[in-house]
Amino acid sequence: MSNYKESIHENKLWYEKLPHPMALIFWILLFTYLLTLLVPSGVFQREEVNGRESVVPGTFEMVEAPLLSPLDVFFSIPQGMVSSASIIFIVFIAGGLFRLLSATNALENTVGTLIKKLGTERQTLTVWTMTFIFGMLGVVVGYEGNIALIPLAIFVGLALRGDLIVGLSMAVGGIGFGFAASPVNPYTVGVSQTIADIPLFSGFGLRTVMALVMLSIVAHHTSSYLKKIQASPQSSFAKGLSTQGMRLEKTLEEYCMGRVDFIVIFTFLIGLALILYGVFSLGWYINEISGVFLAIAVICGLLTGMKTNEMVEHLIKGAASVTGGALIIGVARAIQVLLEQGQIGDTIINALAVPVAQLPLMLSSIVMTLVHGAINIFIPSGSGQAMATMPIMIPLSDIIGMTRQTAILAFQIGDGFTNMISPTSGGTLAMLALAGVPYDKWLRYALPLIVKCFIASWLFMIFAVFIGWGASL
């Protein structure tokens, strides 16, 4: 019997041997602690530029390494929970919101009616349409701001006779690549172009084309996967995962929208419109968005005649259903806490940036995307990475003959694309939590998609270098 079990284990593929996501991230946390003991501590001098703290190029110096104890690994976890509190709270609130909305049956009736109108034979059209809708939201709203839309995408994916991954791919892939390639991304493009002292959101045309190409790759990848699992259900990466409360319970012919459904959907759309206004006009971010989600839940509950106790129960049960994923976010944030305490983040940035200057220009542009992708694991914030790395990369691009616009595109690609598989990306972990999909299963699906998009983006990088894109700015 023992030999039989060992044989089964040996026949498993690498991704089937991955530990539980929480355990995986904890191992990364232990590795990070080991790095604080092995990697020399170093810092760049920083100065305030337009109200933001920015690195001063050429000022990197070694400093005395702070000695962290093994207990700091465990101390960093509650500190990570506190640091990522806003992301954790939006997961809890969004989980409660969609549990309450699901209880009204409005989401199910809306999705069922939509699929009935489109027709089940138009699955590919539906996948492409939904991917581009989510993509446009990623372009204009951002990444974390769309977290609460994940359950809606899951409903659509399951209604198409797909699995949890189908809905997650349309949403995370659409939002993620829309955000990553957005020509008007204020967190990456905006901050970087301000640092580079070039016109804000210049280079709109090439970035727009790249965004459309990336969303097309996502839509094709998703629709191909959908066809594959319909032909062979055993090939589903989400096999065995619970879809309770997220699957259409009736045949499509039975679905129609009633008065309550229109009230709930209208209230939800008004809430999204308020979020858009707040983000662009009032400077809102995660805390304000969470507050609007909570208000939507309360208003929908009142308008549909729910009793107070019933509303509270739905909110609590919804929050409880995403607890595991929410806690993973805090543990992942502990990785960054250790990097900051060990003062090795700047050392890693400096070590990764310097070799880029020794390569041929076209190759260096490609390597630059990978460097930013690696740094994104240690600095998951887009604007935070821009402030830490672009003051180094912009002068570096001047030295090696790369335009500043191209250097910013490399950062945009490296930072944005890896968001969707980085174990330290709070937004991604929050979306996975709402979908009930473990990190390891998502990684198995998403990794080939990310590789496809990286390869396509490198063609844009080579083209940008070839034409000297943005040289006149």
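The values are calculated or read from the model by the stated rules, or taken from the named source; none is laboratory data. Not measured: the values here are computed from a predicted model. Every residue, glycine as well, gets a Cβ built from its backbone with ideal geometry; the counts of neighbours run over all protein chains shown. Note: accessible area is taken over every heavy atom of the protein model, side chains too, but ligands, DNA and RNA are not part of it. Shrake-Rupley method; radii C 1.70, N 1.55, O 1.52, S 1.80 Å.
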In the chain, lysine pairs closer than 17 Å at Cα, eight or more apart or cross-chain: 12
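Once the convex hull of the alpha carbons of the stretch 53-208 is built, what does its volume come to per residue, in cubic angstrom?
Value for the stretch 53-208: 171 Å³ per residue.
I need the Kirkwood Rh of the stretch 154-238: take the reciprocal of the average 1/r across all distinct C-alpha pairs and report it in angstrom.
It is 14.4 Å.
Multiply the residue gap between Ser41 and Phe463 by 0.36 nm, knock off their C-alpha separation, and tell me the result in nm, one decimal place. Display every interim value, and only then the final one.
Values: separation 422, 0.36 × 422 = 151.92 nm, distance 3.79 nm.
Gain on stretching Ser41 to Phe463: 148.1 nm.
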Which translational diffusion coefficient, to the nearest whole µm²/s, is obtained for the stretch 55-121 from the Stokes-Einstein equation, given a Kirkwood hydrodynamic radius over C-alpha pairs, 37 °C and 0.692 mPa s? 189 µm²/s
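Kindly state, to the nearest 0.05, the FRET efficiency for Leu71 paired with Leu269, given R0 = 60 Å and r defined as their beta-carbon distance.
On the way: r = 49 Å, r/R0 = 0.82.
FRET efficiency, Leu71 to Leu269: 0.75.
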Length gained, Ala231-Leu30, 0.36 nm per residue minus C-alpha separation, equals 68.2 nm
Dimensions of the chain along principal axes (Cα, Å, largest first)? 66, 59, 46
Can you compute log10 of I(q)/I(0) for the stretch 368-441 with the Debye formula, treating each Cα as one identical point scatterer, at q = 0.22, 0.25 Å⁻¹? -0.88, -1.05
Excluding ligands, DNA and RNA, the carbon-plus-sulfur percentage of the accessible area of the chain with a 1.4 Å probe reads 65 percent
If r is the Cβ-Cβ distance from Ala351 to Phe280 and R0 is 56 Å, what FRET efficiency results, to the nearest 0.05? 0.90
Percent relative contact order for the chain, counting Cα pairs under 8 Å at least six residues apart, stands at 27 percent
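Please compute the per residue accessible area over the chain with all protein chains in place, 1.4 Å probe, rounded to a whole number of Å².
On the way: 20200 Å² over 473 residues.
Per residue, the chain has an accessible area of 43 Å².
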Per the helix-only model, the chain has a calculated mean residue ellipticity at 222 nm (DSSP H runs of ≥4, -39500 (n - 2.57) each, divided over all residues, rounded to the nearest 500) of -22500 deg cm²/dmol
Using the Kirkwood radius over C-alpha pairs as Rh, can you work out the diffusion coefficient of the stretch 283-363 via Stokes-Einstein at 37 °C, viscosity 0.692 mPa s, in µm² per second? 189 µm²/s
What's the ranking of 367-374, 254-261, 315-322 by average number of surrounding C-beta atoms within 10 Å, highest first? 367-374, 315-322, 254-261
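With a 10 Å radius around each residue's Cβ, average the other Cβ atoms per peptide and rank 405-412, 165-172, highest first.
165-172, 405-412
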Nearest 10, in degrees from 0 to 90: the angle of helix 323-342 to the longest Cα principal axis of the chain is 10 degrees
Only Lys, Arg (+1) and Asp, Glu (-1) charged, at Cβ; the chain dipole about Cα centre in debye: 1360 debye
Signed unit charges on C-beta, dipole axis of the stretch 138-297, positive-most listed residue Tyr277, Ile296, Tyr225: Tyr225
Within the stretch 149-166: backbone nitrogen closer than 19 Å to the Ser224 label point (7 Å, Cα to C-beta): 162-163, 165-166
Quick check of the Kirkwood formula: for the stretch 313-399, what is the inverse mean of 1/r over all pairs of different Cα atoms, in Å? 15.1 Å
For the stretch 311-352 versus the stretch 201-247, the gap between their alpha-carbon centres in whole angstrom: 25 Å
Taking the radius of gyration and the Kirkwood hydrodynamic radius from Cα positions alone, what is the Rg/Rh ratio for the stretch 411-455, to two decimal places? 0.97
